[in-house]
Every structure is written in C-alpha cells, then in structure tokens.
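Each value in this text was obtained by applying a stated rule to the coordinates, not by laboratory testing. Not measured: the values here are computed from a predicted model. Please note: Cβ atoms are built from the backbone with ideal geometry, for glycine as well, and neighbour counts cover all protein chains shown.
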Amino acid sequence: MAALSGAGVIGYTWPRSKSKANQVIKTVLLPQFHSRPDLDPMKAHITNIGPLDSSGLIFLTPSIVPAQRGVNEQLAVQSGLGQEGLMILDQTGELIWFEPLPHFPTNLRVQSYAGAPVLTYWRGDITGGTGKGVGVILDTSYREIAIINGDSAIGVDLHDFTLTANGTALITAYANRTMDLRNFGGGKSDPVFDSMVQEIDVASGRVIFEWHSLDHIDLAETHIPYRKGMPFDYFHVNSVSLDDENNLLVSARNTWALYKINRTSGNVVWRLGGKKSDFTMGPGTNFHWQHHATRLAGTQISLFDDGATPQEEPESRALILDVDEQNMVVSLVKSFTHPAKLLAPYEGSAQVLPNGHMFVGWGAEPYFSEFDANGQMVLDGRFPTNDQSYRSFRMPWSAVPTTAPDIAVLADSVGGSTVYASWNGATGIRLWQVLAGPSASRMRPIVVIPKSHFETAITVHTKETYVAVAALDESHTELGRSKTVKFV
C-alpha cells in the first residue's frame, strides 16, 4: 500500500532540485547537427515490422524519467543524453522537428482550430503529479497563435488539452481544498485535490463551463489511501474529450473509472468501471490506473490500461471497448499488448488511426508502437532507457517554417568542402540544391541531391567564394533558401 499512496506522483517529481549534488558536470560534446548545433534531441529508434499503410508523422514529448529510477534528470540532459522538448519524427525515425523546452511539455498533437490544422501542446511546471501551465496553439509555420491560461490561480494542468469545433478548449485543472479526512486516516481539515474540467473559449479566454470532482464524486470511490502530508489525490483526472455534443467523457486514474458528464449541468450520466460502475463489465474489460479515454465511432471507446502502480495486471494494454448504453453492458472488442510485456507505471495513450490501426504510447516505458486491425505489431519505436513521452500520436501534418533553412560548411581532407543543410520543421523537402558564386548577389545552382536525414551532407568542389542551400519539393519548386556564407 505504500507504493499505492504515491500513485499519480511517480515520474512527476518536478520542480527539479538545485542542490549541490545535482550540479552539472561540464562535458565537451560533439554536436548532433553541424547546421543546428543547438539541437540535441533524444535519439529514437524505429523498427518497421510489417507493411505500413498508415499516413502521418509521429508526435512525441521526450523527457527523462527522474529520480525514481536512479536518474539525475538535470545531469542526464547536460551530459548528452538528449534535450527534453517537442519532437516530430517520420515513420522511419528520422527527425522532422525538434523544439527544446525549459519547461516540461505534454500532449503534442495535431488538432483543428478556426477550420485550419494546428499543432497543440501543454507546457509548464509539475509538482506532486499535477501541472500548472498553459496550453499552446501553433499554426503550420510553428508560430504561436493562441495561449490558453485558464484560471490564473490554478493554471492549466498537464493531462489534457482538447480543442472542439466550437472554438473552445477542454482542459484539466487541479485546485486545493480542505476536507474532513478522519474516515481515511487523516485529520479534520486536511488538503484534498479537487480535480476540475473546464471548457474555455479560445479567443476570449473566458471559462464557459466548469466541473469539480468533489461536487459529484465521493471520496470513497478512490483506490488510493490517504498519505499524511500530501493532498489527497483521490480522483486524479487525466483525460477529457467530447463523448457527444451534449456530454463529456472523463477519465479518473485513481478511481479506475470513466465518467460520462452532462456538458451543461455537470451531472454524472454514468460510471464505467470502478467501485460504482453502472455497467456490467464483460470478460477482459476491467481496467486499472487508466489514461486517455476517447469516444470512437458509434458505441466504442478506446483507452490505455496501465495496470500499475501498484501492479494489478500482468502487462499494460491498449483497449477498444464496446459500450452498450441500452443494456448497460461493456464488452471487449480488441486488446493490444507489447511483445516485451510492458507494464507502464503511469502515463500512456491509445489512438485509433483512420485505417483501423492502433497507435500506442507506452508512457513511462520508452516505447511507442503501431498495430494493425488484427492486433499484429507493424511498427515499434524506442527511446533510450530512462526516457519517456507522456503520450504518443500519429497524425498527418504539413508545415513550412517562417525561419530560413540552416547551413554549415566544413572543409574536407581532399581540398573540397562539405555543406550541411537542414530546415527544422519543414515537411515538404525532397531535394537540396547547393548554390555558389563569387558574391551573395551572383549565385548559381551547382548540385542537387535528395534530402537524407534531418541534416543532409553534400560534398562540394568549387572555386567560388560563397555558398547557400535551397530546399526543393518533389517538383523542384523552391520552398526556402538559407543565408549565404563563405566557403571555409
């Protein structure tokens, strides 16, 4: 039970310590990229196991698992194990975009706002398993077009940030309250986390709906004991999305339950799972410490079933459940498990793709995977040990940054030069063109080669003084051009 009392906190031990023991050891590291030496993302390896017919890129928020696994997070980043931040990969594992962040990010994914595709994520500070930060909306050039602040005293929590077609954002938040916890081994006036759901108008920032767990869910529904000295996180909301036009679907980790909540009154329509389930749970449908519940087409719901902390199941699963609201029966449609029998102690996501595949983020375990509709794994991605991504998504994305492509030039050992070209975040590059000339105003193309990797190395032999690179699409149309630099 000691492990249980920390549920929802393990892995979220920010803010980072600044003690002497955590002082950074300075090391000399070679850059990953000559054209972008400031970028040092964690390296992900992807194995394509079966035929892939899915479209889209892979969206991750890599971070280092802190002290619970014996890892000093600050030292790990500074010693070359990779920066934390926002990451987009293609299905081969090649980097498309990386943005290092000083604040912990979650939930990088593509959504729609004002009829256009946007990139959204959360950033902020995490203490005791909850977050206080902001939701961020970027356009297809990675420019910030909106920031969701929520209540200034509470902020936006890390767990979810979902846009609706009505121009609103559904967020999670946590507020501190005091309650009589003598029935749980506490005192007469001890701290309790009130899990909140808010719907916020993006344009104005106005809160138009607010739901409090303490108004609707009894403390006795929890599966965690009270631990003195910490707020009682009896509910621990970790996802919110639309169930239908009139209702929300909310997941609470620490009650092992999903809740259908009326979007106007806040009343609980039904509970699925947990101690007071309104449904008969069929074989294989019970879940524990779950994350990321999403309504699918018709009567189905997907979720990530962690099954731990503490362990209640042999391994974590991504689930598709059929929810019969007429007969109040839940049946298992499909369960997806990893061949390595992963057991995620926290975090995780389950995304059903348009072609029926399931894309799974294994949370605190350093994996992300894709399964076909029959449950066969077709893609398996892995970060280094002690890395994690809160959720993982696969989605279509097309972007042209406002920044110019980057270039670096190094002399080689045989009298030529190697030109390094990259463009962080650009999705349409198929070719790189090298231009050279006697001055910045007199440049001509001298070579065109296919793009390879995030940074493409191009060997050049020329007597010209200046060089630049241009990114070309598949029809050889120029998408962007770097600054002009001198050959070394």
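Observations on the model:
- Working from Cα pairs under 8 Å separated by at least six residues, relative contact order for the chain is 13 percent.
- Residue 481-residue 414 pseudo-label distance in nm [points 7 Å out on the Cα-to-Cβ vector]: 3.0
- Percent of Cα-Cα distances greater than 17 Å, calculated over segment 406-486: 39
- In terms of distances greater than 32 angstrom between alpha carbons, the cross-link table entries 43/260; 132/451; 132/276; 228/341; 132/188; 275/334 yield 43/260; 132/451; 228/341.
- Spatial separation of Cα centroids for segment 442-471 and segment 171-230, in angstrom: 58
- Ranking of 59, 336 by count of other Cβ atoms within 10 Å, fewest first: 336, 59
- Distance cut-off 30 Å, percentage of C-alpha pairs in the chain lying past it: 50
- Ellipticity at 222 nm from helices only: DSSP H runs of n ≥ 4 in the chain, each -39500 (n - 2.57), divided by the residue count, give 0 deg cm²/dmol.
- Vicinal HN-Hα couplings computed from phi for segment 109-126 (Karplus, 6.51 cos²θ - 1.76 cosθ + 1.60; Hz; Gly/Pro x): 6, 8, 9, 10, 9, 6, x, 10, x, 9, 9, 10, 6, 10, 9, x, 10, 10
- Of the trypsin sites (Lys or Arg not before Pro) in segment 272-363, those whose Cβ has at most 11 other Cβ within 10 Å and which sit in DSSP loop: 341
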